[in-house]
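Engineer: Below is the structure I would like to discuss, written out as structure tokens.
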Amino acid sequence: MTATGEELYQQREQRFNDIVALKKPDHVPVIAHTIHYFADKVKGFSQREAGYNHKQHYDAIKDVTVEFGWEFVPTNALFAADGYQALGTTQLRWPGGDLPDDVGFQFVEDEYMLAEEYDEFLADPNGFTLTKIFPRIASNLAGFGQVPIPPLFWMANTYYLLNVGGAILGAPPLRKAIESLLAMSDAVGAYFAADAANAQEMAALGYPRTWGAPIVCAFDMVSDMFRSLRGSTLDMYRHPDKLLATIDLMQQAQTGLARMTMQITGNPRVFIPMHRGAGGFMSDEQFEKFYWPTFKGLVLGDHRGRRRALPALRGRLHAASRVPGRAAPRQGCRALRQGRPGQVQGSPRRQDVFLGQPRALAPLHGHAAAGQGRRQRTRRPVR
Amino acid sequence: MSNELTDAIVNMHEEEALGLVKRMLDAGTAPTQVLEQAKEGMTELGRRFECEEAFIPELIMGGEIMRGISEELKPHLKGSGAGEKRGTVVIGTVKGDIHDIGKDIVVMMLDINGYEVHDLGIDVPQETFVEAIKEHKPEVVGLSGLLTLAFDSMKGTVDAISAAGLRDQVKIMVGGAPADQQVQDYTGSDGWGSDVTAALKLADAWTAGEAR
């Protein structure tokens with residue numbers, strides 16, 4: 001007898017949970033983890049259409065999921081381009097904005113908070129975000145930085161709310177910023193409606209979603225979104241205490257966001273892509289001081305609750321130099337020659353994944369398998 | 001004192017390095033000698049990076065220390081001949097790609113190593129590369145990209161350089177995390193690299209007149 005959609009859904013959830021719990025599943029499910037433009041390209045739609053036509057985008061994801069025989073519907077990581085547009089977003093560039101129609105959206109690397117602004121941010125993260133960060137990431141929110149806004153508690157009574165708040169809100173730059181936020185919310189509302197309809201339809205067909213919330217390591221939040229790679233790197237040397245204090249604050253944000261999104265979606269799986277902590281970016285000492293404590297917290301922090309972490313460990317395979325057929329270590333590279341068995345963490349290099357022949361890759365697989373079952377650190381270069 | 005400055009740079013002791021430079025100048029050390037010792041520190045960082053004993057933060061911080069030292073030395077180096085260039089490089093992230101972290105590190109290291117570098121920025125159209133080659137007459141052109149979409153832009157840029165009749169005058173390297181031999185072959189360039197040391201080696205070989 002053919003299983004119903006609900007039965008398929010439960011079977012697939014169980015299969016996934018068995019794998020996470022290190023139990024043997026009845027079979028290995030084929031899952032496309034995360035999706036941006038793949039389904040649209042398969043269906044012949046441009047990247048521009050993908051960002052603006054939400055229903056078409058989600059329908060493409062549905063069709064491709066079914067056609068390709070995936071057991072889960074991949075979570076869509078493409079956000080509403082009309083939402084970016086409503087804000088006058090400057091932190092991202094996208095097709096339909098000022099990028100060509102057939103190019104994917106991209107992040108604009110910059111210092112959205114300066115090194116000398118750490119104290120101001122730490123003293124009042126909300127006020128700083130409103131008056132400094134928002135205007136820097138979106139041109140239509142410039143008003144928040146142009147009109148002097150007193151602390152909200154100054155207006156914690158009807159008289160001052162009317163006299164001060166009412167007067168401020170009348171300022172055209174502030175009005176424009178608020179109207180832009182509302183327009184963004186309308187655009188995102190339509191996007192979420194398409195998202196919810198897709199989740200419901202796919203669930204009825206028997207397809208759970210791969211994950212519900214994306215969260216990032218607190219260091220990545222600071223480095224990606226506030227200080228840039230260059231800025232956060234210099235901060236490791238020049239302002240380590242302020243950097244660590246901001247990382248602590250960002251950890252609260254990430255765990256809070258995970259909890260909030262779990263409540264909204266009902267999906268216990270959170271995706272944690274590793275950015276600056278990927279193999280080859282920083283030293284062991286830097287990793288252990290600035291990255292690992294909070295990354296570990298995200299992965300393990302909710303072990304008593306429902307949250308299931310899907311960390312994406314990235315970076316170079318550091319003992320690859322010992323794999324037969326690979327180039328010998330370079331002269332003077334003592335550490336590379338000495339590679340330690342069982343210390344291989346993270347993903348193979350992309351060239352190995354996409355260009356390697358099965359025979360050449362076999363030793364890599366064997367090596368990675370040798371590390372299984374050990375208590376592993378995330379990814380560390382051999383030193 | 002010579003190793004002290006090199007060590008301070010290698011060990012990321014910024015204030016110590018800048019203090020040493022001032023003391024060396026005050027003590028009458030030739031500014032060209034100070035510069036050479038500072039460059040030794042960056043060379044050692046490059047070697048450690050290649051061996052995976054140093055990582056991107058060390059390169060960035062080392063570059064920042066070097067920038068401070070260069071500022072300190074600049075007034076003393078005028079007319080000393082220390083600015084003699086090793087070669088000229090035109091570099092940029094190709095059209096459609098706006099990533100610049102890797103390119104900026106390459107630009108920094110080329111600059112420190114004596115190259116005159118013309119950085120065209122990100123999302124650079126083919127014709128801008130062509131115009132820059134006509135204007136600056138570089139020996140080396142660097143095409144950078146992080147996304148796979150960059151491959152077609154790189155190929156288009158190489159083709160545009162050929163169509164302008166400039167292909168024989170320059171060596172072209174393609175770089176970025178996804179670069180490899182296939183990308184070099186596909187784009188019709190002369191070399192590829194996925195990190196800063198590869199870019200530096202290619203530029204050194206090409207400006208020294210070595211074979212491709």
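Engineer: Return the equivalent ellipsoid semi-axes of chain B as a descending list in whole Å, where each equals the square root of 5 times an eigenvalue of the C-alpha gyration tensor.
Structural biologist: 33, 18, 14
Engineer: I need the GluC sites (Glu not before Pro) found in the stretch B:1-109, filtered to DSSP loop residues with at most 12 other beta carbons within 10 Å of theirs.
Structural biologist: B:Glu84
Engineer: Mind listing the long-range amide H neighbours of A:Arg308? Cut-off is under 5 Å, sequence gap 5 or more, other chains count too, H placed in the peptide plane at 1.01 Å from N.
Structural biologist: It is A:Arg269, A:Val270, by chain and number.
Engineer: Under the rule of at least 5 residues apart or a separate chain, name every residue whose amide H is placed under 5 Å from the amide H of A:Val73.
Structural biologist: A:Arg209, A:Thr210
Engineer: Please sort A:125-138, A:52-65 by packing, taking for each peptide the average over its residues of neighbouring beta carbons within 10 angstrom, highest first.
Structural biologist: The packing order, highest mean first, is A:52-65, A:125-138.
Engineer: Then there is this: Would you list which lysines come within 24 Å of A:Lys132, measuring only between C-alpha atoms, while excluding same-chain residues fewer than 8 positions from it?
Structural biologist: A:Lys176, A:Lys242
Engineer: May I pose another question? For the protein assembly as shown, build the convex hull from the C-alpha positions and give me its volume per residue in Å³.
Structural biologist: It comes to 193 Å³ per residue, whole-number rounded.
Engineer: Kindly compute the accessible surface that chains B and A hide from a 1.4 Å probe when together, both sides summed, and give it to the nearest 100 Å².
Structural biologist: The summed interface area works out to 2700 Å².
Engineer: Sticking with this structure for a sec: For the stretch B:4-77, take the convex hull of the Cα atoms, compute a quarter of its surface area, and give me that in nm², please.
Structural biologist: Result: a mean projected hull area of 4.2 nm².
Engineer: Pick out, from B:Gly87, B:Pro57, B:Ala8, the residue whose Cα sits farthest towards the positive end of the charge dipole of the stretch B:1-143, with +1 on the Cβ of Lys and Arg and -1 on the Cβ of Asp and Glu.
Structural biologist: Value computed over the given set: B:Gly87.
Engineer: Highest mean first, how do B:133-140, B:190-197 rank when packing is the count of other Cβ atoms within 10 Å averaged over residues?
Structural biologist: B:190-197, B:133-140
Engineer: Still on this structure, please answer the following. Using the Kirkwood radius over Cα pairs, work out the Stokes-Einstein diffusion coefficient for the stretch A:1-140 at 10 °C and 1.306 mPa s, in µm²/s as a whole number.
Structural biologist: So the translational diffusion coefficient is about 87 µm²/s.
Engineer: Label the stretch B:87-207 by shape, choosing from rounded, prolate and oblate, from the square roots a ≥ b ≥ c of the eigenvalues of the Cα gyration tensor; if a/c is under 1.5 it is rounded, and otherwise prolate applies when a/b is larger than b/c, oblate when it is not.
Structural biologist: Cα axes put the stretch B:87-207 in the rounded bin.
Engineer: What are the ³J(HN,Hα) values, in whole Hz, obtained from phi via the Karplus relation 6.51 cos²θ - 1.76 cosθ + 1.60 with θ = phi - 60°, for each residue of the stretch A:114-123 in sequence order, with x given for Gly and Pro?
Structural biologist: 7, 4, 6, 9, 3, 4, 5, 5, 5, 6
Engineer: My understanding is that a pair violates if its Cα-Cα distance is over 20 Å; which of B:Lys78/B:Lys171; B:Lys155/B:Lys201; B:Lys85/B:Lys137; B:Lys103/B:Lys134; B:Lys74/B:Lys134 do that in this structure?
Structural biologist: Too far apart for the 20 Å limit: B:Lys78/B:Lys171; B:Lys155/B:Lys201; B:Lys103/B:Lys134; B:Lys74/B:Lys134.
Engineer: Assign unit charges at the C-beta atoms only (+1 for Lys and Arg, -1 for Asp and Glu), then state the dipole size of the stretch B:4-77 relative to its Cα centre in Debye, rounded to the nearest 20.
Structural biologist: That gives a dipole near 300 debye.
Engineer: I've got another one for you. Which trypsin sites (Lys or Arg not before Pro) from the stretch B:17-113 combine a DSSP loop assignment with at most 13 other Cβ atoms within 10 Å?
Structural biologist: B:Lys78, B:Lys85
Engineer: While we're here: Note down the nm distance, to one decimal, between modelled labels 7 Å out along Cα→Cβ at A:Lys23 and at B:Asp159.
Structural biologist: 5.6 nm
Engineer: For every helix of n ≥ 4 consecutive DSSP H residues, a contribution of -39,500 (n - 2.57) applies; sum these over chain B, divide by its total residues, and give [θ] at 222 nm rounded to the nearest 500 deg cm²/dmol.
Structural biologist: Calculated at 222 nm, the ellipticity per residue is -18000 deg cm²/dmol.
Engineer: Here's another thing I want to ask about it. What does the average come to when, for each residue of peptide B:57-67, you count the partner chain Cβ atoms lying within 10 Å of its Cβ?
Structural biologist: Going residue by residue through B:57-67 and averaging, the value is 4.
The values are calculated or read from the model by the stated rules, or taken from the named source; none is laboratory data. Worth saying up front: this structure is predicted, and the values here are computed from it rather than measured. For neighbour counting, all protein chains shown are included, and Cβ atoms are generated from backbone atoms with ideal geometry for every residue, glycine included. In case anyone asks, the SASA skips ligands and DNA or RNA and just uses the protein heavy atoms, side chains included. Shrake-Rupley method; radii C 1.70, N 1.55, O 1.52, S 1.80 Å.
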